[in-house]
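Student: Below: one structure in structure tokens.
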Amino acid sequence: MTMSVSRRRFAMGVPTLLAASALPTVAWAQAAPSGNFLPQPSGENSLDIIAAERLAIRSKAVLEPGAWEYIHGAAGSEWTLRANRLALDLLAFNPGRMAGFSEADTTSELLGQQVAAPFFVCPMGGQDFAHEDADLASVRGAGAARIPYMLSGASNKSMEQVAKEAPADLLRIFAIYLNTDREVNWKLARRARAAGYRAIVMTVDSLGPGTSNRYIAMGSPKTAAAGFGNFDPARGGTGNFRDLKRDFDPADIAMLKEASGLPVMVKGLLRTEDAQRAVAAGAAGVVVSNHGGRTLDGSIPSIDALPGIVRAVGQRVPVLFDSGVRRGVDALRALALGATSVGIGRPVMDAMALGGGKGVADLLNWFRNDLATQMLLVGAKTIGDISPELLVRTDYTDATDRDLLTHELP
């Protein structure tokens, strides 16, 4: 695909949505050294949701500046953060309006289990920035909405704590960061199986916490409750989370399968040959992701990598997708390009900050209802009716650039 004028202008530094109001002050950075603020109190409130972007504005009013920046920042100049959104926005629909139905069905299937909608909660560390209950709050919300949940290997709470907080029938997946110590990986995989997780996701696109320039300039502040629950010796943990493995190999997939007895998926793939190697090595699925722009600034948008990977391996394994999803229409775009399920990340953290588990449930239900509405509008009665024929790639440069420059919300 040729790069449009809009993308060229955007790549030269069009500011990100909300950036004008998001810059932290130097005074706060000097007055708030690392590790001296408390997480959001563990409140539980229902939320009236108009748009995920508006939740980001509302959460900024209640979160510590460092917490908000950690959640919403991205690597480098944040080119990839912006690219994820622009690439989605340039996919327009060619809707069918004579489909003969009045209600869309969002039910879907993932790993052999029926779910309420083709969404999953992305694995996210540092959830204590958003809510005192951290991962316990987000899994409560996912359970209430019946949306699959991926727990990060960098979670504040242990996988066993999260499992106890979730409904027994909630599809839970453990996203491991491989350690340099093979025994640590082995034990984590076995614990995930024992705690009732249905699959392991091997993350290969991150070498640790996100590298937002603004967050680092603030001194990388952390909450007093920060920690990696799965490495807590009091809960059966061993090793050091920060000893991250950097040399990934197909043999790692076989090791995790042997250790856990569970299906193993690989997260963070953008190249078709990587997806093919993973599946050839026994991966039960892949997650097309650039980590929401938090790791390699300048990588291609995840949505641009999705069609090629679907063509390469989509007939053999599920292909999941994340990065930049803010509305049901974004999920519809990814599903039309062949995604099996679509991940929701930063908006979950905003909903947690404002409403705890109840807020997360409201957000996920809003995404499901919004997807159902958009399916009705394009003429797709079921998830299986969503196809590439619904999409047209556009180059509406004036409208796209104007929206990015003015930061106006719909």
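Student: Test D297 against the criterion of being of a type in the set (D, E) and in contact with a helix residue (DSSP H, G or I) (Cβ under 7 Å, 6 or more places away or on another chain), and give yes or no.
Tutor: Against the criterion (of a type in the set (D, E) and in contact with a helix residue (DSSP H, G or I) (Cβ under 7 Å, 6 or more places away or on another chain)), D297 qualifies.
Student: Has the range 370-392 got any residue that is at pLDDT below 95, open to solvent by 40 Å² or more (accessible area, probe 1.4 Å) and of a type in the set (D, E)?
Tutor: Yes, the range 370-392 contains a residue that is at pLDDT below 95, open to solvent by 40 Å² or more (accessible area, probe 1.4 Å) and of a type in the set (D, E).
Student: Against the definition (open to solvent by less than 40 Å² (accessible area, probe 1.4 Å), within 27 Å of F367 (Cβ to Cβ), modelled with pLDDT under 95 and not basic (K, R)), how does G293 come out, yes or no?
Tutor: Judged against the criteria, G293 is a match.
Student: Looking at (1) open to solvent by 10 Å² or more (accessible area, probe 1.4 Å); (2) more than 26 Å from L332 (Cβ to Cβ); (3) at pLDDT 95 or above; (4) among the hydrophobic types (A, V, I, L, M, F, W, C), can you tell me which one L151 breaks?
Tutor: The number of the failed condition is (1).
Student: Let me ask something else about it. Within the group D297, D330, which residue is among the acidic types (D, E) and in contact with a strand residue (DSSP E or B) (Cβ under 6 Å, 6 or more places away or on another chain)?
Tutor: D297
Student: Something else now. Considering only residues that are under 24 Å from I71 (Cβ atoms) and either of a type in the set (V, I, T) or within 11 Å of the chain's Cα centre (by Cα) (or both), which ones fall in the range 295-340?
Tutor: Within the range 295-340, T295, I300, I303, L320, F321, D322, S323, G324, V325, R326, V329 qualify.
Student: Just to be sure, is R172 among the basic types (K, R) and open to solvent by 40 Å² or more (accessible area, probe 1.4 Å)?
Tutor: When the stated conditions are applied, R172 does not pass them.
Student: Further question: Restricted to the range 296-312, and to residues that are farther than 25 Å from V348 by Cα and touching a residue at least 40 places away in the same chain (Cβ under 8 Å), which residue is least open to solvent (accessible area, probe 1.4 Å)?
Tutor: So the residue we want is I309.
Student: With (1) closer than 21 Å to A104 by Cα; (2) open to solvent by 30 Å² or more (accessible area, probe 1.4 Å) as the list, and A331 as the residue in question, which single condition is left unmet?
Tutor: (2)
Student: Conditions first: (1) part of a strand (DSSP E or B); (2) surrounded by fewer than 24 Cβ atoms within 10 Å (Cβ to Cβ). W366 passes all but one, so which condition is the exception?
Tutor: With respect to (1) part of a strand (DSSP E or B); (2) surrounded by fewer than 24 Cβ atoms within 10 Å (Cβ to Cβ), W366 is out only on (1).
Student: Sticking with this one: Filtering the range 243-276 down to residues that are in contact with a strand residue (DSSP E or B) (Cβ under 9 Å, 6 or more places away or on another chain) and more than 26 Å from R316 (Cα to Cα), which residue is surrounded by the fewest Cβ atoms within 10 Å (Cβ to Cβ)?
Tutor: Residue satisfying both the conditions and the ranking: D243.
Student: Hey, another quick one. For the condition modelled with pLDDT of 95 or more, of a type in the set (V, I, T) and at negative phi, what is the one hit in V115, V62?
Tutor: So the residue among V115, V62 that is modelled with pLDDT of 95 or more, of a type in the set (V, I, T) and at negative phi is V115.
Student: Which residues, taken from the range 227-237, are open to solvent by less than 50 Å² (accessible area, probe 1.4 Å) and either at pLDDT 90 or above or within 15 Å of D135 (Cα to Cα) (or both)?
Tutor: Result: G227, G229, N230, F231, G237.
Student: Same structure again: Which ones in the range 129-178 are touching a strand residue (DSSP E or B) at 6+ places or on another chain (Cβ under 7 Å), among the polar types (S, T, N, Q) and not in a helix (DSSP H, G or I)?
Tutor: Result: S152, single match.
Student: Here's another thing I want to ask about it. Just to be sure before I move on: is R191 open to solvent by less than 60 Å² (accessible area, probe 1.4 Å), among the charged types (D, E, K, R) and either closer than 22 Å to H72 by Cβ or in a strand (DSSP E or B) (or both) in the structure I sent?
Tutor: no
The values are calculated or read from the model by the stated rules, or taken from the named source; none is laboratory data. These numbers were taken from a predicted model, which means no experiment stands behind them. Using ideal geometry, Cβ is built from the backbone for each residue, glycine included, and neighbour counts are taken over all protein chains shown. The protein model used for the area step is the full one, side chains on, heavy atoms only, and it has no ligands, DNA or RNA in it. Shrake-Rupley method; radii C 1.70, N 1.55, O 1.52, S 1.80 Å.
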